[in-house]
1. In whole Å, largest first, what are the principal axis extents of the Cα atoms in the stretch 126-187?
2. Using the count of nearby Cβ atoms within 10 Å as a rough guide to exposure, how do Leu156, Leu124 rank from fewest to most?
3. Return Val40, Val52 ranked ascending by Cβ neighbour count within 10 Å, so the fewest neighbours appear first.
4. So if we plug the beta-carbon distance of Leu133 and Asn87 into 1/(1 + (r/R0)^6) with R0 = 30 Å, what FRET efficiency do we get, rounded to 0.05?
5. Which of Lys74/Lys137; Lys46/Lys218; Lys73/Lys200 have a Cα-Cα distance over 20 Å?
6. What residues of the stretch 67-83 lie in the reach of a label at Thr54, counting those whose backbone N is under 20 Å from a point 7 Å from the Cα along Cα→Cβ?
7. What does the extension gain come out to for Lys74 and Ser206, with contour length at 0.36 nm per residue minus their alpha carbon separation?
8. Give me the distance in nm between label points sitting 7 Å out from Cα along the Cα-to-Cβ direction at Phe197 and Thr172, one decimal.
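No value in this document is a laboratory result; all are computed from the given coordinates. None of the values given here were measured: they were computed from a predicted structure. Virtual Cβ from ideal backbone geometry, glycine too; neighbours counted across all protein chains shown.
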Amino acid sequence: MEKQNTFNKIFWYFVALYASAVAFNSCYSKKQILTTDDGVIINGVKWATRNVNTPGTFAENSENSGMFYQWNKKVGWSSTDPMINSNGNTVWSDTEADDSIWEKKNDPCPAGWRVPTYEEMQSLLDFNKINYLWTTKNGVCGRVFYDMESEASLFLPAVGYRRERGEMGGNTIWEGYYWSSSTENGSNARFLFFHSFNLKTYLSYSRAYGCCVRCVAK
């Protein structure tokens, strides 16, 4: 009986050890997936295939919204209600960043990536080199950008944005808003906007808005 009890203890010890190893490897793999991305080259610019989620990580899938970011701020905000940020708080600030560029210290992109410039955003709108398609991916509406030469594609989900006071804005099913790192004359920041029938870059009404971020390679 004593030998049987000893055997049982040893058996369950190794079962627990194995379970811990599996859990560790699963978490590690998950972390690796969320902080790295193979990227895709569209019209000469290498884009990440997923939005930024919490600072320094990517969303799990290309159709996931990730988190919203205010211009030149490194705090992610939920893309749905209730509103919480990447630190677990709920206090929203409508104060605009007054810098002329999106500073490196405030860049939420994972290592090796950064917020795109206005010129890089514009490269997606080159109608001579890019084809566009409004579609759905796993039930999420968005825009696909096709590189005519390489036939590579990039999907951006349409998930709306947050207004300067934090409330949801835009159509969270039909509209997409993506920050660039650029400003116009040091004033309003530029962003990419798209709808099922519209696609262009705009000047923001306020840098305090919360929009998606899709990174480009450094």
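1. Over the stretch 126-187, Cα extents along the principal axes are 42, 36, 13 Å.
2. Placing the least packed residue first, the sequence is Leu156, Leu124.
3. Placing the least packed residue first, the sequence is Val40, Val52.
4. The value I calculate is 0.20.
5. Violating the 20 Å limit, Cα to Cα: Lys74/Lys137; Lys73/Lys200.
6. 67-70, 73-83
7. Here the answer is 45.9 nm.
8. The answer from the label model is 2.5 nm.
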